[in-house]
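Novice: The structure is given below, and queries will be raised subsequently.
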Amino acid sequence: AQSVTQLGSHVSVSEGALVLLRCNYSSSVPPYLFWYVQYPNQGLQLLLKYTSAATLVKGINGFEAEFKKSETSFHLTKPSAHMSDAAEYFCAVNPYNNNDMRFGAGTRLTVKP
Amino acid sequence: KAGVTQTPRYLIKTRGQQVTLSCSPISGHRSVSWYQQTPGQGLQFLFEYFSETQRNKGNFPGRFSGRQFSNSRSEMNVSTLELGDSALYLCASSSDGTGDNSPLHFGNGTRLTVT
């Protein structure tokens, strides 16, 4: 079954530094891939999605992700971290093009002043 | 447009009781999905309803059930509560239920504590 693996349960960066959150997927066909963010005591908010239209996907809040088939990766990046980016980030795959999404374990991002 | 609304935000129940959680989707959305989020298991898909019919179901016991009404509002019921049912229950809606062109919009969840 298709799944995603997020490398690193915790990532800490300084304000203004590059954010890199790693996600690898297991799939033999191009999947539907997503990144969601969850702030404390809130639900998940969609950051961006990959649906094969373009390998570099731009999302909200300055985030982007690049789909690399050769590496089966879909890493999330942001050039300059802001304090408000502190949250938990989830990579997800939609294997059957329905709403049975498979989420990674999540990466908690801490931003230091 | 109002977002996905889940009520109540917090619930405390005793083992053996049953509980009903409610979800109002974004206006016009016909698909409602439910997820359970726990520290140990992460986010797990419970089921999805589309036009009042359960369309997909995750790997949860029959104690977990749901329904959807004609106005797309959905309820989730858990009977004979167990301590392990303590979790954040998230509801998500989408317009037509297909993943790529109809992303999920999540509510803020109902935090259920079973004592």
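Novice: Restricting attention to the stretch A:74-113, and to residues there that are hydroxyl-bearing (Ser, Thr, Tyr) and surrounded by fewer than 16 Cβ atoms within 10 Å (Cβ to Cβ), which single residue is modelled with the lowest pLDDT?
Specialist: Within the stretch A:74-113, the match that is modelled with the lowest pLDDT is A:TYR96.
Novice: Restricting to the stretch B:66-115, what's the tally of residues that are surrounded by fewer than 17 Cβ atoms within 10 Å (Cβ to Cβ) and hydrophobic (A, V, I, L, M, F, W, C)?
Specialist: Within the stretch B:66-115, residues that are surrounded by fewer than 17 Cβ atoms within 10 Å (Cβ to Cβ) and hydrophobic (A, V, I, L, M, F, W, C) number 2.
Novice: Could you tell me how many of the residues in the stretch B:2-36 are of a type in the set (Val, Ile, Thr) and not in a loop (DSSP other than H, G, I, E, B)?
Specialist: Total satisfying the criteria: 6.
Novice: Can I ask one more? Identify, please: which residue in the stretch B:94-115 is more than 9 Å from every other protein chain (Cβ to nearest Cβ) and over 14 Å from B:TYR10 (Cα atoms) and is, among those, modelled with the highest pLDDT?
Specialist: Here the residue is B:SER95.
Novice: Can you pull out the residues in the stretch B:4-39 that are within 10 Å of chain A (Cβ to nearest Cβ) and either more than 18 Å from A:ASN41 (Cβ to Cβ) or surrounded by 15 or more Cβ atoms within 10 Å (Cβ to Cβ) (or both)?
Specialist: Passing the criteria: B:VAL4, B:GLN6, B:SER31, B:VAL32, B:SER33, B:TRP34, B:TYR35, B:GLN37.
Novice: Which of the residues spanning the stretch A:88-107 are polar (S, T, N, Q) and without any contact (Cβ under 8 Å) to a residue 12 or more places away in the chain?
Specialist: A:ASN98, A:ASN99
Novice: Report those strands (runs of 3 or more DSSP E) wholly inside the stretch A:65-113 carrying at least 3 residues which are away from chain B (no Cβ under 14 Å).
Specialist: Fully inside the stretch A:65-113 and qualifying: A:73-78, A:107-112.
Novice: Before we move on, is B:ASN71 on the phi < 0 side of the Ramachandran plot, more than 14 Å from every other protein chain (Cβ to nearest Cβ) and in a strand (DSSP E or B)?
Specialist: Taking the combined requirement at face value, the residue does not satisfy it.
Novice: From (1) of a type outside the set (A, V, I, L, M); (2) more than 13 Å from every other protein chain (Cβ to nearest Cβ); (3) not in a loop (DSSP other than H, G, I, E, B), pick out the condition that doesn't hold for B:GLY62.
Specialist: Checking B:GLY62 against (1) of a type outside the set (A, V, I, L, M); (2) more than 13 Å from every other protein chain (Cβ to nearest Cβ); (3) not in a loop (DSSP other than H, G, I, E, B), the one that fails is (3).
Novice: Just give me the residues in the stretch B:14-64 being of a type in the set (Ser, Thr, Tyr), out of contact with any Cys (no Cβ under 9 Å at 6 or more places or on another chain) and under 21 Å from A:ARG102 (Cβ atoms), in sequence order.
Specialist: B:SER31, B:THR38, B:TYR49
So that you can scan it fast, the table gives a plain yes or no per residue for (1) facing another protein chain (nearest Cβ under 10 Å); (2) buried (at least 22 other Cβ atoms within 10 Å of the Cβ); (3) farther than 15 Å from A:THR107 by Cβ:
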{"residue": "A:SER9", "(1), (2), (3)": "no, no, no"}
{"residue": "A:GLU15", "(1), (2), (3)": "no, no, yes"}
{"residue": "A:LEU20", "(1), (2), (3)": "no, no, no"}
{"residue": "A:ASN24", "(1), (2), (3)": "no, no, no"}
{"residue": "A:GLY43", "(1), (2), (3)": "yes, yes, yes"}
{"residue": "A:TYR50", "(1), (2), (3)": "yes, yes, yes"}
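Novice: Scan B:LEU88, B:LEU81 and give me the residue that is modelled with pLDDT of 95 or more and assigned to a strand (DSSP E or B).
Specialist: B:LEU88
The values are calculated or read from the model by the stated rules, or taken from the named source; none is laboratory data. Everything quoted here is computed from the prediction, not taken from an experiment. Neighbour counts are summed over all protein chains in view; Cβ atoms, including those assigned to glycine, are modelled from backbone coordinates with ideal geometry.
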